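Participant: My questions all concern the structure below.
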Amino acid sequence: MNQNHELPKTYSPGEFEDRIYKNWCDKNYFTPTIDKSKPHYSIVIPPPNITGQLHMGHALDNTLQDILIRYKRMSGFCTLWLPGTDHASIATEAKIVAAMREEGLTKEEIGREKFLERAWDWKEKYGGRIVSQLKKLGSSCDWSRERFTLDEGCSRAVKDVFIRLYEKGLIYRGERIINWCPHCLTSISDAEVEYEDQAGFFWHIKYPFTDGSGYLEFATTRPETMLGDTAVAVNPNDERYKDIVGKTLRIPLVGREIPVIADEYVETDFGTGVVKITPAHDPNDFEVGRRHDLPIINVMTPDAKIVDDYPKYAGMDRYEARKAIVEDLREQGYLIKVENYTHNVGTCYRCSTTVEPRVSMQWFVKMKPLAEPAIKAVREGDIKFVPERFDKNYFHWMENIRDWCISRQLWWGHRIPAFYCDDCGEMVITKDESAVCPKCKKAMRQDPDTLDTWFSSALWPFSTLGWPDETEDLKYFYPTSTLVTGYDIITFWVSRMIFSGLEYMGEKPFDTVLIHGLVRDAQGRKMSKSLGNGIDPLEIIEKYGADALRYALATGNSPGNDMRFSDEKIEAARNFANKLWNASRFVRMNLTVDSIELPSPEKLGIEDKWILTRFNNTVSEVRAALDRFDIGVALSLLNDFTWDIFCDWYIELSKAKLNDRENPANKITQNVIGYVLIGTLKLLHPFIPFITEEIYLSLPHSDESIMISKYPEYDSAIDFSSEAVKLDKIIDVTKSIRARRSEMNVAPSRKAKLFIATKYNDIFNEESAVFFTRLASASEVIISENFDSDERISLDEAVQVITDTATVYIPLSDIIDFEKEKERLNGERKKLLGEIERLEKKLSNEGFVAKAPAAVIDGEKAKLAKYRENLAGVDAAIEKLH
RNA sequence: GGAGGCAUAGCUCAGUUGGUUAGAGUACAUGCUUGACAUGCAUGGGGUCGAUGGUUCGAAUCCAUCUGUCUCCACCA
């Protein structure tokens, strides 16, 4: 037994949370010792960006993970929660570029090496910020295994994968049209493009035929790209244009001659059925161009300005050029009309700049062969999404997958291990940093590009465990158990981890993907910087404590659904913690025993059997809920048990014995209340780890920390269901008495005698009488089968309280309004008759009796019997009023 | 254009293979310095479970259609 201490009068989380966290770290509780005889449970953290600050999304994600991890750890699993951070190439690089701009510097001026030095400095300085914030939340990550997507091991894994895929023919380099961000100056993948509706115009333009036979009219939303037109296309089946296919047009302002071609891509019923083709600046046009072998004419610089080949517009950005070109077309009579037009425009997910499709040399991963096994794994249930519906999302994306553009024109990231010989054009893919041309024997030049950030995150579940080495960690903890993340990155990340795990490990990366929604503000809006409606989790922790924050995020929330975060919610959470704190203080100050042992059944009072039974049921229900990832349900079960069952009923019921040190049952009660409190703390620990630990250590305890104690299990030895029901009846009567008194405005201070007429003396007896004294304002409790001719009370002058097990008479004749009383009883009677009629009908329905399960029928019969008992009581009461 | 979520008390949300008199928190009303807690205790009012139809002995729950709302995917010049 450990030394225990008093709890301070007020719940002040700020005073113990950091101290407790430090203690856990010092004792290395978060670091598992691999034990092959035990089952493992592992989670890899979705690595937050090093540029990030903890926001509500992180807080939710990590709270859920910590709940699962702590639950499993206490349930005897060898548990690893592996933390780490993501280098976030584009986001980090943008920050550093911005910081340099303040100093008047550019990337190019300082060069790659110096730039990377700055980036690493920046990582050292700020990369730890988010980690320390995760600690404030109570996250029980094994920090000794912390990883970074750009650390040596992860980099080795990335190179290895790149080379393997290349050798397998699944990585290729090619000139393709890709999404280019003119602001970030890099390509971005399809998944990184966000589409938004923008108001624009539809310009109707005509190009003249070179043979002088008139003009061809069409419409475009991007007139500036006409500089790069290399054809105009119509649908081959379009009767209107049959004769002009093969003719030649001259582009106004430019003068170049281009053909009219026929391609299925053109839809006859949209616009004029004619499309100008600009292979260099539109993905569809690019495809058309390939089919027809059209030249590709790039008209823009990387920052989306017109190139020098068009002197009149050279140097103008896309939008200036558009204006100028439209003006020129108008002047020269080529502009027919302008319509308003709203269309969807792709923008960069980082900076929201409109994406400019651009033809360039990039690296790609061939996705089809990788996607197939990944689809199969989910289809066959090897990997499960919770909730299940998200697999539709996943399948849709995987089945329509396109090749993945993985090269980025950035410096901060994993540099592509491709080397080129400037002399002979030879290319070598190698881990060797100083490759030599196999033909010319000269030093080669490494590809300047880096890889998409998601390329390294895709390997996260095994690169962090040591892959490509066969480490002990990898052998034991892979595949990981549960992946917890938001639905917004299923395609970005989850799907890529799945195909990566299957391809390189030959095994799925995790069993289950637990999906959660977004944390929105109180009005249901997405939290965003621009709206300024973000709530800072650290401020919440400061004000209410980490436990309250965790509670607020975990409660009333089901997998996959968005939730709202409001002051009300966090206050309710804090109030729960406060309630638990005070209940514990009460227990603590009544405890004189120095160890808690469960008394043998014959010593237990009815209330003890009741609370133990309810506790036991709660244990099974909470475990079942957690096992199916119903975290919100589990917590609400615990809330109800703690507050309603334990505090409002059991503590009140126990006070009689607890306050009476002379009572021989006093020590029994101490042990029961201590047992249930400690069990409840353990059940609650995964959700609210700090307060439960602080309280646990103040009580007689057997483990040095609650987090390494055993999570309660269902125990048949404390299942007294049949006897516990009796206390439910006592509660029914108590509530009815209170209701009647409250209805008649009788002050609780006014005590009255209670005459209980009942045939259930196993429920209503000397032992239970005390409960009515304490909880139902009874001055004295008299129990008898009936009081019909009892001189102690005249029944027609008493308030009557009727339940199915007892009728209680309260002599309060001076305040009874008999008319009102009659009205009430008649109302009651009508209600009961209605219920009885409904049930009788149901039970005489042949279909119901024949087809419903026996348990349901028995339940309905029991209800009917109860209502009949009640009705008999009400009828008798009405009788007495006459 | 394709797919999906949500619609239950004034508000925020639970409701687990169809069987409750439909629940909680909060707000509201009334009463209470009940020796753990007013961040509390007790009592109460408040819902034809979005609409219509269907399956069933039985539907908030399953199916179909519709309405409103949010999201994801694709992107037509």
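Participant: Suppose we keep just the DSSP beta bridges with both residues in chain A; what percent of those would be antiparallel, to 5? Walk me through the numbers before you get to the answer.
Facilitator: Working: 62 of 90 bridges.
Antiparallel: roughly 70 percent of the beta bridges in chain A.
Participant: So, by mean Cβ neighbours within 10 angstrom, what's the order for A:248-256, A:146-154, A:658-666 with the highest one leading? If you can, show how the numbers build up before the last one.
Facilitator: Working: A:248-256: 16.2, A:146-154: 19.3, A:658-666: 13.3.
Put in order of decreasing packing, that is A:146-154, A:248-256, A:658-666.
Participant: Please work out how many pairs of lysine residues in the stretch A:592-743 are eight or more positions apart (or on different chains) and have Cα atoms closer than 16 angstrom.
Facilitator: Total qualifying Lys-Lys pairs in the stretch A:592-743 comes to 11.
Participant: How much length is gained on full extension from residue A:103 to residue A:167, taking 0.36 nm per residue of separation minus their Cα-Cα distance?
Facilitator: On the way: separation 64, 0.36 × 64 = 23.04 nm, distance 4.41 nm.
Going from the current span to full extension adds 18.6 nm.
Participant: How much length would be gained if the chain were fully extended between residue A:211 and residue A:739, taking 0.36 nm per residue of separation minus their Cα-Cα distance, in nm to one decimal? Intermediate results must be reported in sequence, preceding the final value.
Facilitator: Working: separation 528, 0.36 × 528 = 190.08 nm, distance 9.82 nm.
Roughly 180.3 nm would be gained on extension.
Participant: Please give, to one decimal in nm, the separation of the simple spin-label points placed at residue A:18 and residue A:317, each 7 Å out from Cα toward the Cβ.
Facilitator: 4.6
Participant: Shifting gears a bit: With a bin width of 5 angstrom, please list the P(r) values of the stretch A:580-719 as percents of all Cα-Cα pairs, from the 0 bin to the one holding the largest distance.
Facilitator: Bins of 5 Å from zero give 2, 10, 21, 24, 22, 13, 6, 2, 0, 0 percent of pairs.
Participant: Within the stretch A:539-576, name every residue whose backbone N is under 18 Å away from a label modeled 7 Å from Cα of residue A:526 along the Cβ vector.
Facilitator: Taking a point 7 Å out along Cα→Cβ of residue A:526, the residues of the stretch A:539-576 whose backbone N falls under 18 Å are A:560-565.
Participant: What lysines does residue A:529 reach when the alpha-carbon gap must be under 17 Å and sequence neighbours fewer than 8 apart in one chain are set aside?
Facilitator: A:95
Participant: Below 26 Å, Cα to Cα, which lysines can residue A:276 reach? Residues fewer than 8 away in the same chain don't count.
Facilitator: In chain and number order, the partners are A:206, A:242, A:247, A:305, A:312, A:323, A:337.
Participant: Quick one: Cα centre-to-centre distance for the stretch A:846-882 and the stretch A:426-468, in angstrom?
Facilitator: If we compute the Cα centre of each part, the gap is 78 Å.
Participant: Same structure again: Two decimals, Cα atoms only, Kirkwood Rh: what is Rg/Rh over the stretch A:284-425?
Facilitator: 1.08
Participant: Distance from a point 7 Å along Cα→Cβ of residue A:875 to each backbone N in the stretch A:824-867: keep the residues under 18 Å and list them by number.
Facilitator: Under cut-off, by backbone N: A:825-841, A:863-867.
Participant: For residue A:728 and residue A:267, what does the FRET efficiency come to when R0 = 60 Å and r is the distance between their Cβ atoms, rounded to the nearest 0.05? Don't jump to the answer; show the numbers that get you there.
Facilitator: Values: r = 71 Å, r/R0 = 1.18.
Result of the calculation: an efficiency of 0.25.
Participant: Right, another one. Modelling each spin label as a point 7 Å along the Cα-to-Cβ direction, I'd like the residue A:831/residue A:190 distance in nm, to one decimal.
Facilitator: Those two pseudo-labels are separated by 6.2 nm.
Participant: Could you name the aspartates and glutamates in cross-link range of residue A:851, using Cα to Cα under 16 Å and dropping any fewer than eight places away on the same chain?
Facilitator: Within the straight-line limit of under 16 Å, residue A:851 reaches these aspartates and glutamates: A:860.
Participant: Okay, next question. In Å and whole numbers, how far do the C-alpha atoms of chain A stretch along each principal axis, longest first?
Facilitator: On the principal axes, chain A reaches 123, 62, 54 Å in Cα extent.
Participant: Given the -39500 (n - 2.57) contribution per DSSP H run of 4+ residues, what per-residue ellipticity at 222 nm results for chain A, rounded to the nearest 500 deg cm²/dmol? Each step should come with its number before you reach the end.
Facilitator: Details: 27 runs with 356 residues, N = 882.
When only DSSP H runs of four or more count, the value is -13000 deg cm²/dmol.
Participant: Determine, from the Cβ-Cβ distance of residue A:27 and residue A:393 and an R0 of 51 Å, the FRET efficiency 1/(1 + (r/R0)^6), rounded to the nearest 0.05. Don't skip to the answer; put the middle values down first.
Facilitator: Details: r = 42 Å, r/R0 = 0.82.
Working from the Cβ atoms, E equals 0.75.
Participant: Where a ≥ b ≥ c are the square roots of the eigenvalues of the C-alpha gyration tensor, would you call the stretch A:236-333 rounded, which needs a/c under 1.5, or, failing that, prolate if a/b is larger than b/c, or oblate?
Facilitator: Details: a/c = 2.08, a/b = 1.61, b/c = 1.30.
Prolate shape, in that a/c is at least 1.5 and a/b is the bigger ratio.
Participant: Further, regarding this structure: Near the amide H of residue A:300, under 5 Å away, which other amide H atoms are found, from residues 5 or more places off or on another chain, if H is placed in the peptide plane?
Facilitator: HN-HN under 5 Å from residue A:300: A:307.
Participant: Tell me, in nm to one decimal, what length is gained between residue A:125 and residue A:441 on full extension, where the rule is 0.36 nm per residue of separation less the Cα-Cα distance? The partial results should precede the final answer.
Facilitator: On the way: separation 316, 0.36 × 316 = 113.76 nm, distance 4.19 nm.
Between residue A:125 and residue A:441, full extension yields an extra 109.6 nm.
Participant: A follow-up question, please. What order do you get for A:855-863, A:516-524 when each peptide is scored by the mean count of other beta carbon atoms within 10 Å, highest first?
Facilitator: On the way: A:855-863: 12.7, A:516-524: 16.3.
Descending mean neighbour count gives A:516-524, A:855-863.
Participant: Of the listed pairs A:831/A:880; A:123/A:168; A:72/A:579; A:22/A:431, which have alpha-carbon separations greater than 31 Å here?
Facilitator: Working: A:831/A:880 20 Å; A:123/A:168 35 Å; A:72/A:579 26 Å; A:22/A:431 41 Å.
With Cα atoms farther than 31 Å apart: A:123/A:168; A:22/A:431.
Participant: Where the centroid of each part is defined by its Cα atoms, how far is the stretch A:57-135 from the stretch A:657-732 in Å?
Facilitator: The two parts, judged by their Cα centres, are 42 Å apart.
Participant: What's the ranking of A:605-615, A:643-653, A:735-745 by average number of surrounding C-beta atoms within 10 Å, highest first? Show your work: numbers first, answer last.
Facilitator: Values: A:605-615: 23.4, A:643-653: 18.9, A:735-745: 15.0.
The densest-packed peptide leads the list: A:605-615, A:643-653, A:735-745.
Participant: Report relative contact order for the stretch A:82-152 in percent, whole number only (criteria: Cα-Cα under 8 Å, sequence separation at least 6). Before the final figure, lay out the partial values.
Facilitator: Working: 35 pairs, mean separation 48.5, N = 71.
After rounding, I find 68 percent.
Participant: DSSP loop GluC sites (Glu not before Pro) in the stretch A:36-103 with at most 12 other Cβ atoms within 10 Å of their Cβ, which ones? Mind showing how you got there, number by number?
Facilitator: On the way: sites: A:93, A:102, A:103; in loops: A:103.
Sparse-neighbourhood loop GluC sites (Glu not before Pro): A:103.
Participant: Report the label-to-label distance for residue A:53 and residue A:789 in nanometres (one decimal), using points 7 Å from each Cα along the Cα→Cβ vector.
Facilitator: Those two pseudo-labels are separated by 8.4 nm.
Participant: Now, a different point. Relative to 2.2 N^0.38 Å, what does the C-alpha radius of gyration of the stretch A:672-797 come to as a ratio? Two decimals please.
Facilitator: Values: Rg = 20.9 Å, N = 126, 2.2 N^0.38 = 13.8 Å.
Scaled against compact globular proteins, the figure is 1.51.
Participant: Can you give the FRET efficiency to the nearest 0.05 for residue A:152 and residue A:341, using r as the Cβ-Cβ distance and R₀ = 51 Å? Walk me through the numbers on the way to the answer.
Facilitator: Details: r = 52 Å, r/R0 = 1.03.
Efficiency computed from Cβ-Cβ geometry: 0.45.
We did not get these values from a lab; they are worked out from the coordinates using the rules stated. The model shown is predicted, which means the values in this text are computed figures rather than measured ones. With ideal geometry, Cβ positions are generated from the backbone for all residues, glycine too; neighbour counts draw on all protein chains shown.
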